Number of protein chains: 2
Amino acid sequence: MAERGRVELLEQRVRELERELEVARGGRAAGRTRIETMSPEVTDSNPYSRLMALKRMGIVKDYEKIRTFTVAIVGVGGVGSVTAEMLTRCGIGKLLLFDYDKVELANMNRLFFQPHQAGLSKVQAAEHTLRNINPDVQFEVHNYNITTLDNFEHFMDRISNGALEEGKPVDLVLSCVDNFEARMAINTACNELGQIWMESGVSENAVSGHIQLIIPGESACFACAPPLVVAANIDEKTLKREGVCAASLPTTMGVVAGILVQNVLKYLLNFGTVSYYLGYNAMQDFFPTMAMKPNPQCSDQNCRRQQENYKIKEAAQPKQEESDQEEEIVHEDNDWGIELVSETTEDELKAASGPVPDLPVGITVAYTIPNKVIYNVTAEETVAESGESLEDLMAKMRNL
Amino acid sequence: MAERGRVELLEQRVRELERELEVARGGRAAGRTRIETMSPEVTDSNPYSRLMALKRMGIVKDYEKIRTFTVAIVGVGGVGSVTAEMLTRCGIGKLLLFDYDKVELANMNRLFFQPHQAGLSKVQAAEHTLRNINPDVQFEVHNYNITTLDNFEHFMDRISNGALEEGKPVDLVLSCVDNFEARMAINTACNELGQIWMESGVSENAVSGHIQLIIPGESACFACAPPLVVAANIDEKTLKREGVCAASLPTTMGVVAGILVQNVLKYLLNFGTVSYYLGYNAMQDFFPTMAMKPNPQCSDQNCRRQQENYKIKEAAQPKQEESDQEEEIVHEDNDWGIELVSETTEDELKAASGPVPDLPVGITVAYTIPNKVIYNVTAEETVAESGESLEDLMAKMRNL
């Protein structure tokens, strides 16, 4: 009898705990159910009311269209995770996430991941959190490094076929990676496929960042205007052992994710001016913009092919008709087909790049001018992307 | 016998579920333990390694000092919650949070809160999440509206005495509220106490925002350059019933929180240039900056008193000695003691303010120019703060 009473109490406790667990995990019991149609209704229980209000405010014509788009995000770290969360909360149709890293306590100085997720794969932890936030979004996650041969082929296949309607390409690829090799892999894939993508990056000293829109054949690709690649003579493991790591801040990464997703929304939902390049210098609160034409001598043959296709497409189009639909890049000719739209002077840029840190041999911080540029992409790299570096780079390219 | 076996199994299941629940809630078992001293050690388990790296990178001299500071955040919504999360992840000493609102599903288009928190008070939900993220931070939360008489007194008392060392004032107050009345209450409190604070705001059409640093007596307060207050002839409840609500985006709010906390870090840890005003126009990716002197005829007597104190303090200081420690506001005289540092032309501002939405009578969007300005702060208000509006305003003030 006592045993039977004990069983009943325990069974009750199990049911209680199971309910609490579901609540704690933000599961269906406590989260929200799926919503079939986005409604503009202003009620406390409508997660889309403040987004649908963009229509009434005259900002976006057709907000519901967001549900038809698929975006692939490569790199789910400090920038990529917040990017994924913003798009999820905006109600994007489908997200593809690529990363091979695990969540660590060392990531806790950036937004999104939480200490109890340490040890989980980043894509798995992200998918779990994002599904709870918005069950209307479809997720497809890949826990691998896109730069190995097999994975690269699979990556190409998924961005070619992984849209909401299987077999159709994604609408946009976002690069939120932290190294040159992965950026180059995305660049190669997108040039081959003619896939439009956006680049993002944050400097190793944590106080600069940028976003860039790359339309193959139309704007400069990552190989057209190779960034100043600074090679370290020591490999990454040695660096870690010796206690050297890049700095990062949730602020800079949050701003970069914010301007990246804003550019994505403007591009997909057709409002405002889509930026080709937007930089962020946190030391001076300075935001340079520019646009770059592709380099006709680009080392990537697919970029050169896309440039030819773009010329043919441009020539075939009736003039002026689309002029109020799309923003044009201001093209001005120079030796390299690269043009700075920013009115920023070199001195302003120099002043904005902050103090030069005291670093071990071989390590240079992005957004400062390295003493010596070595085009060696096998070791630790940083990417410099200020307007000044570009001019520096053009001078160097002329000397090659 | 069978019953006894059943009890054992159930007891085991209860233990399992309790463990899982602790993990799901991000409790001690799964989160992280407190850390006594910030270490620069580069290990996967050190949540401060990437922040301490700011020292080695030459950006911040003494990052550990972050632990000595207390920041009060008023408003834990789209901007305030992300602001609190960023400061928590940066390892701030203590946070005071003030809000009287509840989490709703309608908030899910912005970062931070999750659907399973719907119904909880914002400060309670925020404290729970933030403690899990960083147990080293101290939290003090107040679930009330600071604008009522009793609460205002308590608010004044807490910002005067609520620092890490009880009895000392907080280091900074951050305004992350969404209405004029609350901003005015913070302004009144900070002028009386001589408390340095930062303002933040996002426009009702979701595509503009700003941050502002206010040093009582030194830079213009919220009453010195009264924003263009646009009154609605209908009250807020009617508006809600009629299906009118402001738009919001996680992108714009994330960027505003990012530039706000970046300014806080620069101010507290003494690096880079602290901005007096930084705007964000998402339509054009345009970031105006300016600095404003206080108005000698400010309607707030405590502001005028602080201006006198500042003059006395300035006169007593030996000239040039502190010139490389602190950034100075460029002061240029005009009738109103207000000066625009931004080089932006009126046309640029007009172009940047986006399309004018079709709104119900009495509702005007911030960052566009209202037809008629009514100084009536009892109904729905919006705050306009572009450079252009300021000139408009000065003309109107002359006519008063």
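Bear in mind these aren't lab numbers, they're just calculated from the coordinates by the rules spelled out. In this text, all values refer to a predicted model and were calculated from it rather than measured experimentally. Glycine gets a Cβ as well: all are built from the backbone with ideal geometry, and neighbour counts include every protein chain shown.
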Quiz item: Can you work out the base-10 log of I(q)/I(0) for segment B:1-123 at q = 0.09, 0.10, 0.11, 0.19 1/Å, using the Debye formula on its C-alpha atoms alone?
Solution: -0.44, -0.52, -0.60, -1.14
Quiz prompt | Copies compared at B:Thr43 - label distances in nm, ascending, label defined 7 Å from Cα in the Cβ direction | solution = 5.2
Quiz item: What's the average, rounded to a whole number, of partner chain beta-carbon atoms within 10 Å of each residue's beta-carbon in B:280-287?
Solution: 6
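How long is the gain from A:Ser299 to A:Glu18 if the chain were fully straight, where each residue apart is worth 0.36 nm and the alpha carbon distance is subtracted? Write out the running numbers ahead of the final one.
On the way: separation 281, 0.36 × 281 = 101.16 nm, distance 5.83 nm.
Length gained between A:Ser299 and A:Glu18: 95.3 nm.
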Self-check item: Centre separation in Å (Cα based) which lies between segment B:166-198 and segment B:84-139
Solution: 20 Å
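With the cut-off at 1.5 for a/c, could you classify segment B:61-106 from its C-alpha gyration tensor as rounded, prolate or oblate? Each step should come with its number before you reach the end.
Working: a/c = 3.97, a/b = 2.34, b/c = 1.70.
Note, shape of segment B:61-106 comes out prolate.
Which value, in debye to the nearest 20, gives the size of the charge dipole of segment A:77-234 about its Cα centre, when Lys and Arg are +1 and Asp and Glu are -1 at the Cβ? Could the numbers behind the result be given before it?
Numbers: 9 positive and 19 negative charges, 78 e Å.
Roughly 380 debye for segment A:77-234.
Give me the inter-chain shielding for A:13-24: mean count of other chain Cβ atoms within 10 Å, whole number please. Mind dumping the intermediate values first?
Numbers: counts 6, 6, 1, 2, 8, 4, 0, 6, 8, 3, 4, 9.
The shielding value for this peptide is 5.
Sequence gap at least 6, Cα distance under 8 Å: using those rules, report the relative contact order of segment A:24-119 to the nearest whole percent. Each step should come with its number before you reach the end.
Values: 94 pairs, mean separation 18.9, N = 96.
Rounded, it is 20 percent for segment A:24-119.
Give B:Lys168/B:Lys313; A:Lys122/A:Lys313; B:Lys61/B:Lys168 a once-over and call out the pairs whose C-alpha atoms are over 29 Å from each other.
Numbers: B:Lys168/B:Lys313 22 Å; A:Lys122/A:Lys313 41 Å; B:Lys61/B:Lys168 25 Å.
Over 29 Å apart, Cα to Cα: A:Lys122/A:Lys313.
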Exercise. Mind giving me the nanometre distance, one decimal, between the label points for A:Glu11 and B:Thr33, set 7 Å out from Cα along Cα→Cβ?
Key: 4.1 nm
Quiz item: Peptides B:72-79, A:47-54: what's the order by average Cβ count within 10 Å, highest mean first?
Solution: B:72-79, A:47-54
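What is the fewest-to-most order of B:Ser200, A:Ser121 by other Cβ atoms lying within 10 Å of their Cβ? List each step's numbers first, then the result.
Working: B:Ser200 26, A:Ser121 18.
Neighbour counts put them in this order, fewest first: A:Ser121, B:Ser200.
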Quiz item: What does the average come to when, for each residue of peptide B:149-158, you count the partner chain Cβ atoms lying within 10 Å of its Cβ?
Solution: 0
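Let me have the relative contact order for segment B:80-135, percent, based on Cα pairs under 8 Å that are six or more residues apart.
41 percent
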